[in-house]
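Nothing in this text is a laboratory measurement; each read-out follows from the coordinates by a stated rule. Predicted model, so just to flag it, every value in this text is computed and none were measured. Cβ: placed from backbone, ideal geometry, glycine included. Neighbour counts: every protein chain shown.
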């Protein structure tokens with residue numbers, strides 16, 4: 001079992017190398033159909049498995065096509081990692097779509113929508129600076145802390 005610093009280092013090296021491969025190494029046209037970036041890599045404690053989380057910008061069809069291209073390129077990516085990282089045993093690779101950016105954007109839009117609805121219902125409580133009559137920011141969100 002590798003220590004946690006080694007696992008983190010291998011994960012960061014995999015992230016860097018796969019990011020470079022996405023820019024210039026993977027020739028599958030499906031991978032280029034959506035804008036792809038590696039957001040995170042999780043490596044198991046024994047360095048035998050790596051989950052590569054990718055964020056894909058584009059339509060749902062482009063995302064599905066890109067994921068299919070990445071799945072098809074898994075063997076190539078693993079082989080390239082073996083050459084580039086010189087590990088005793090190259091981890092098995094698994095690509096996963098990271099939807100955290102989409103979820104974050106959705107939460108922010110919901111908060112903004114609620115804030116606008118609140119302001120529309122009670123305009124007398126809002127001053128020119130965007131604060132309500134108590135001096136709090138919309139929805140009670142303070143930037144302290």
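In what order do 90, 105, 74 fall by count of nearby beta-carbon atoms within 10 Å, going from fewest to most? Kindly include the intermediate steps, with their values, before the conclusion.
Numbers: 90 20, 105 10, 74 14.
Starting with the residue having the fewest Cβ neighbours, the order is 105, 74, 90.
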Return 55, 19 ranked ascending by Cβ neighbour count within 10 Å, so the fewest neighbours appear first. 19, 55
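What length, rounded to one decimal in nm, is gained on full extension from residue 39 through to residue 112, with 0.36 nm per residue of separation minus their alpha-carbon distance?
23.7 nm
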Per the 1/(1 + (r/R0)^6) rule, R0 = 25 Å and r from the Cβ atoms of residue 61 and residue 94, FRET efficiency to 0.05 is 0.65
